[in-house]
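Only one structure is covered here, and it is reproduced in the block below.
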Amino acid sequence: MSEEIEDHRLLNDSENEPFSSVLERRVSRRSIMRGGLNVAAVSMLAGFGLTACSDDDNDNRSVSEDDRAAAMMLAFEAVAGSKQDAVVVPSANASQKNGSAALTAGTAAATATSGYTAQVVMPWGTPINNNGQAWSQSLAFTPEIQANSVGMHHDGMYHFPISDDTASSNFIMALNNEYIDQGALWAPQGGPSENPRPANESRTEINAHGVTVVELRRDENRVWDVVRNSQYNRRVTSATPCDLEGPVAGSQYVVTAYDNTGRTTRGTNNNCANGFTPWGTYLTCEENWPAIFRKDSGREADDNRLGIGQGGTRYDWETSAGDATENNGEFARFNATPTGETASADYRNEPRTFGYIVEIDPYDATSRPVKRTALGRFRHEGCWPGKLVEGEPVVFYSGHDSRNEYIYKFVSDAKWNPADANMAGATTDRLAIGAKYMNEGTLYAAKFNADGTGEWLELEPDTIVPVSAGSRYAGQTLASALGLEAGDRAGIIIHTCDAADLMGATPMDRPEWGTVDPVSGEVYMTLTNNSDRLPEGQRATVSNGDSIEEPGASYGQAPVNAANPRAGNSDGQVIRWVEPSPGETTFDWDVFVFGKVPTSDDQNLSSLSEQNFFSSCDGLWYDDRGDGQGILWIETDSGTQYTNDQVLAVVPQGLSKGDNASVIHEGNQAQLKRFAVGPNGCEVTGIFATPDKTALFINIQHPSNWPIDDNGSNTPDATVEPTGDVRPRASTVVIQKADGGQIAV
Ligand code: FEO
Ligand code: CA
Ligand code: CA
């Protein structure tokens, strides 16, 4: 998400200093890669890139150390930083940049003798069926056109094979449309209308959000495009009816005028990063959704804790309320100020139907999205499944992207049965499998100790607040401390963040994406930056002046701790951790790499160089190639004066931290290489490759003047700069090797 609309206020107000001192943070400890990663059985799930492996020699060394060969090499030349209105890929030659090798003409593969191509695919506004309308610079969007076209501001995405045989050339794409650029959306009329917003403008904007599901296909010239009118194509928007399942469903917390039973709601919003499940469904994650709501009175602790606004909203959709065409409170619901006698008469609880992980079956366009409330309610960046082990719980990791917020883990009650794995084309009821693994389980928040160990802190109603958290509620149950009825699991979920405060979770530098090495089970997560990280020795501040332990209070600023050791952190870091087994509540952690741009201060802790400096890591994906070695891909969201946002790659296995501050250090930093750079104004986000690894998909969000118009094409060359001003379109970009080989190696 663009910095311009982010709301990363200090939403956590606690005095709970996470660590009394950071002086101990580099004491000797167990290596992150050791500690009994004995694996009895790992499911083979080819469709999800999970590989079987075992470590049964009882030498207490990890799979990675036992079985992984010498690190494979990244066989591309790192690209330089770039500040242009074009995507830059390795070895792109001059003729491509001049546009003479237009991909739409299918000539790129023939004319480019080396290096990579980059093609725009499914940019905002691409029709997904015949109810959409062909793109043009002057296209005037309506609610119907937008509901039948690719949404705006692409973010997380994932691919779902239609058949195993064609998984690398023809698949279902599920894509998040995080937020909107009103200037681009309403460019033909000179911008959005004043308040009260016309009903059809609000509807169009609501329909530009959410998720796009389309069938994508590659032709004989390796040009990718949407299969218009495919049975899989659909939009899920911020108005689409969704089911609530898990602890919150049917509770008094989510009773609204729309559904007095509290089991359904309308829409998903600010869908940032994504996840996927082993049973073939897509997970879309609700991040900065609080900004679409206001609640001017009758506020409760969770409204304050999560930052529901007062007096206005981001797009003013609530100002369309009362329009003669308004259907069933479709606009009134964005104002959660109580107006009726009870919750069933108004929308005071509407915000409590948001803030979840949402499961979508991409194979069935008639299925309803399901909000899986057991995974917690906060500003979810994304959601990533942990290593799968037969007979063990299925786990999902998720981060709350605000300054000084937490990392979470959900552990299913049900144990993994490989028979539940997706098989392309199967008629399985995938959402029923989702209910089995995601409705019942335990949620935990992470505590990162200074000695490199960590704990998962349980968040159940009867969990006892520990003395170590330094709270006046020590010894009470979480339900009691939060003023809830005994056993109120729905209440704990509604107040997820306050529960984590009470348990003493570690405030992090804005958790963004995660990814899991499917062989070792190592979890990587980006911590993008944190301007509210205080120097060592300073006291934390709390949002409303109370202590963090009080419901509704959140950290304002928090001092450095071992996992977040840089004050005023402007460049971010990637951390990683590993657990003895999926359901364990302990872990070992380390910093993988610290971001840094070329400035003269002494904070370049990973010794980054011209070929790999970056700031504000965000997207992350573990590519499972190389006999389980894998490639870690890192994307960024913070254009700097040195370069636009970018994609980097590194082979983590074989790199060791030693006595350095991070795994990447002066002695091995050359292994981390810049692979691609995005156009001016954008962030680079969303990432996966086809199973055969010949096509890498990334997203370009909020570009300022890109891509080229190319006579309305939806598949122009991403590496060509427009000759003048264009109406910008967020888009997916597919990067392929000119010779059709595997990318990066
Ligand atoms: Fe939508 Fe935290 O990025
Ligand atoms: Ca609190
Ligand atoms: Ca992000």
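Considering only region 615-630, state which residues are outside any loop (DSSP other than H, G, I, E, B) and more than 14 Å from ligand 3 (Cβ to nearest atom).
Y622, D623
Which numbered condition in (1) in contact (Cβ under 8 Å) with a residue 12 or more places away in the chain; (2) open to solvent by 20 Å² or more (accessible area, probe 1.4 Å) is the only one that A474 fails?
(1)
Counting only residues that are open to solvent by 10 Å² or more (accessible area, probe 1.4 Å) and small (G, A, S), which one in region 112-159 is farthest from Q189 (Cα to Cα)?
Going through the qualifying residues, I end up with S114.
Counting only residues that are away from ligand 3 (no atom under 16 Å from the Cβ), part of a loop (DSSP other than H, G, I, E, B) and either open to solvent by less than 40 Å² (accessible area, probe 1.4 Å) or under 25 Å from H400 (Cβ atoms) (or both), how many does region 585-602 have? Step through it out loud before you land on a result.
Step one: list which residues in region 585-602 are away from ligand 3 (no atom under 16 Å from the Cβ), which gives 585-594, 596-602.
Adding the requirement that they be part of a loop (DSSP other than H, G, I, E, B) leaves 585, 597-602.
Filter once more, so that each one left must be either open to solvent by less than 40 Å² (accessible area, probe 1.4 Å) or under 25 Å from H400 (Cβ atoms) (or both): 585, 597.
Within region 585-602, residues that are away from ligand 3 (no atom under 16 Å from the Cβ), part of a loop (DSSP other than H, G, I, E, B) and either open to solvent by less than 40 Å² (accessible area, probe 1.4 Å) or under 25 Å from H400 (Cβ atoms) (or both) number 2.
Can you tell me how many residues in region 543-567 are open to solvent by 20 Å² or more (accessible area, probe 1.4 Å) and more than 25 Å from D451 (Cβ to Cβ)?
Final tally of qualifying residues: 7.
Is there a residue in region 306-315 that is more than 24 Å from D181 (Cβ to Cβ) and modelled with pLDDT of 95 or more?
Of the residues in region 306-315, the ones more than 24 Å from D181 (Cβ to Cβ) are 306, 310.
Now drop any that are not modelled with pLDDT of 95 or more, which leaves 306, 310.
Yes.
Please determine, by comparing only the residues of region 272-306 that are under 29 Å from G686 (Cβ atoms) and open to solvent by 10 Å² or more (accessible area, probe 1.4 Å), which one is nearest to ligand 1 (Cβ to nearest atom). It would help to see each step written out before you state the result.
Quick first cut of region 272-306, residues under 29 Å from G686 (Cβ atoms) only: 272-293, 305-306.
Within this subset, residues satisfying the condition of being open to solvent by 10 Å² or more (accessible area, probe 1.4 Å) are 276, 291.
Working: F276: 18, A291: 12 Å.
Filtering region 272-306 for residues that are under 29 Å from G686 (Cβ atoms) and open to solvent by 10 Å² or more (accessible area, probe 1.4 Å), the one nearest to ligand 1 (Cβ to nearest atom) comes out as A291.
Can you find a residue in region 193-203 that is open to solvent by 30 Å² or more (accessible area, probe 1.4 Å) and over 28 Å from N288 (Cα atoms)? Can you show your working first?
Let us first name the residues in region 193-203 that are open to solvent by 30 Å² or more (accessible area, probe 1.4 Å), namely 193-196, 198, 200, 203.
Among the residues that remain, those that are also over 28 Å from N288 (Cα atoms) are: none.
No; the residues of region 193-203 include none that is open to solvent by 30 Å² or more (accessible area, probe 1.4 Å) and over 28 Å from N288 (Cα atoms).
Would a scan of region 489-511 turn up a residue that is within 16 Å of ligand 3 (Cβ to nearest atom), within 30 Å of G280 (Cβ to Cβ) and either in a strand (DSSP E or B) or open to solvent by 30 Å² or more (accessible area, probe 1.4 Å) (or both)?
Within region 489-511 (the criterion being within 16 Å of ligand 3 (Cβ to nearest atom), within 30 Å of G280 (Cβ to Cβ) and either in a strand (DSSP E or B) or open to solvent by 30 Å² or more (accessible area, probe 1.4 Å) (or both)), the answer is yes, since at least one residue qualifies.
Counting only residues that are part of a loop (DSSP other than H, G, I, E, B) and within 16 Å of ligand 3 (Cβ to nearest atom), which one in region 512-542 is surrounded by the fewest Cβ atoms within 10 Å (Cβ to Cβ)?
Taking region 512-542 as the starting set, the residues that turn out to be part of a loop (DSSP other than H, G, I, E, B) are 517-522, 528-529, 531-532, 535-541.
Those left that are additionally within 16 Å of ligand 3 (Cβ to nearest atom): 528-529.
Working: T528: 29, N529: 27.
For region 512-542, the residue satisfying everything is N529.
What are the pairs, 6+ residues apart or on separate chains, where a residue within region 608-623 that is in contact (Cβ under 8 Å) with a residue 24 or more places away in the chain has its Cβ under 6 Å from a residue that is within 12 Å of ligand 1 (Cβ to nearest atom) and open to solvent by 10 Å² or more (accessible area, probe 1.4 Å)?
Close Cβ pairs (under 6 Å, with a partner that is within 12 Å of ligand 1 (Cβ to nearest atom) and open to solvent by 10 Å² or more (accessible area, probe 1.4 Å)) amount to S615/S638; S616/N529; S616/S638.
Of the residues S543, S570, S581, which is in contact (Cβ under 8 Å) with a residue 40 or more places away in the chain and within 16 Å of ligand 2 (Cβ to nearest atom)? Full working, then the answer.
Working: S570 fails: within 16 Å of ligand 2 (Cβ to nearest atom); S581 fails: within 16 Å of ligand 2 (Cβ to nearest atom).
Going through S543, S570, S581 in turn, the sole match is S543.
Is it fair to say D618 is at pLDDT below 95 and closer than 30 Å to V79 by Cα? Outline the logic, then answer.
Values: at pLDDT below 95: no; closer than 30 Å to V79 by Cα: yes.
Criteria not met by D618.
The values are calculated or read from the model by the stated rules, or taken from the named source; none is laboratory data. The structure presented is a predicted model; accordingly, all values stated were derived computationally and were not measured. Cβ atoms come from the backbone with ideal geometry, glycine included; neighbour counts cover every protein chain shown. Surface areas here come from the heavy atoms of the whole protein model, side chains and all, with no ligands, DNA or RNA. Shrake-Rupley method; radii C 1.70, N 1.55, O 1.52, S 1.80 Å.
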